1. In nm, what is the difference between 0.36 nm times the number of residues separating residue A:177 and residue A:244 and their Cα-Cα distance?
2. How far, in degrees from 0 to 90, does helix B:90-101 lean away from the longest principal axis of the Cα atoms of chain B, to the nearest 10?
3. Given 0.36 nm per residue, what is the gain on full extension from residue B:12 to residue B:98 after removing their alpha carbon distance, in nm?
4. Identify which of A:219, A:149, A:16 has the largest mean-square fluctuation in a Gaussian network model of chain A, with springs joining Cα atoms closer than 10 Å.
5. Give me the tail of P(r) for the range A:39-145 as a percent: Cα-Cα pairs with distance above 15 Å.
6. Separation between the residue A:159 and residue A:53 pseudo-spin-labels, each 7 Å from Cα along Cα→Cβ, expressed in nm?
7. What is the angle, in °, between the Cα long axis of helix A:147-159 and the longest principal axis of the Cα atoms in chain A? Nearest 10 is fine, range 0 to 90.
8. How big is the Cα convex hull of the protein assembly as shown in projection, averaged over all directions, in nm²?
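Since every read-out is calculated from the coordinates, none of them should be taken as a lab result. This one's a predicted model, so the numbers in the text were calculated from it and none came from an experiment. Cβ placement follows ideal geometry from the backbone for every residue including glycine, while neighbour counts extend to all protein chains displayed.
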């Protein structure tokens, strides 16, 4: 599998957009750390970029890249290679290049300026989200043959996870505010990788003290070893499930 | 070498292939002929496993196709439009394919690479190549691994006369080695010198497969394109209107 992804990786790394993406992240994180005197404030601003901008760029880039390599996938299919292997090579190629950009753009500045638990959890969340949204992008592009439709689905997924979902959660919380919802919100957070990432980082910061009883419950849960395990597990599911579905669909698809 | 049993394929409203039964043998050069949208490319894609047929099955080298992509190592395929990763260099493409196929270097057939003089563009990225040059690359790729079966989809479209001649020479050479060659083309004059059999398709059905000599005898035409045109008219009453229009134009001119 690595044989093929090596070439895909090489192709993506030469792509101007991925270089621009790396530089954009690098400029953002450096300027955040330069402007804010307090490192944890800088991390907070950086967190918002990682949670909102990063998924958008990744899901768009991956979807467009998939459609651009459609003919290449066709060529590979005429070679003695299984469909699963082709899709997985494409996936790993995209993942490795995007992760590399993330580590150069955000990883290096964070490790220089703020190499503590908060910094590390930001990097962990960022890498997990990179993988999750690459999977989602593959899912969106495999299920639709039409490029415009695929990009539309990808955008809709991003809207859902960053904006619509939060609105829905707020709606539920307001309507059922008379009931104890702490455990329930914990479940809700697992249904959205972006929210999960946000809670995971926030609770490492001092601001969690401002969140009252729920914050205390969350801190109790996410602060410990089980919280880490829970986050990792749920993120892993968010990576695997869309990927499995797209492989399953891709195996039956007419190209 | 290729046996197609009762293959049917439907794309939503269009019946692309309708119960096709045919067998291709070693040493044959088969021309797939038919109007646009008659299912030629779909049939080729079925053989290559890119399109999954609704019914029926296909055997290549006496083994039924069932998900295992190994049989493709004996097939060389030249697509209608060859598109490759933008940033990949020509040389890298050949290197990659050799890597994937894992074939020993002695068995490689580099004749076309030499004759098309592709070595001079080995350092060029794929995106800078013209359509015709890409076509040359596709041809060289198809012949590279010395496969027993060659599938060429519109091989001479877009090639300049000299390159087209080189390719034809090469096809003749491989024919003499007793390989099975499957060609689709609209340029019937090109096929004339190469073909042993003609397979005619219309609206997803196979109308006939005949040796070229038999076809000439039956229609009484020596030129292949005239013979085919005669059959196309005979088989399809609707095409009579072309004659009517042509005749009426002539008659109008008389007055």
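1. 20.4 nm
2. Computed tilt is about 80 degrees.
3. 27.2 nm
4. Looking only at A:219, A:149, A:16, the biggest GNM fluctuation is shown by A:16.
5. Within the range A:39-145, distances greater than 15 Å cover 64 percent of Cα pairs.
6. Taking the simple label geometry, residue A:159 and residue A:53 are separated by 2.2 nm.
7. Tilt relative to chain A: about 10 degrees.
8. Here the figure is 32.8 nm², rounded to one decimal.
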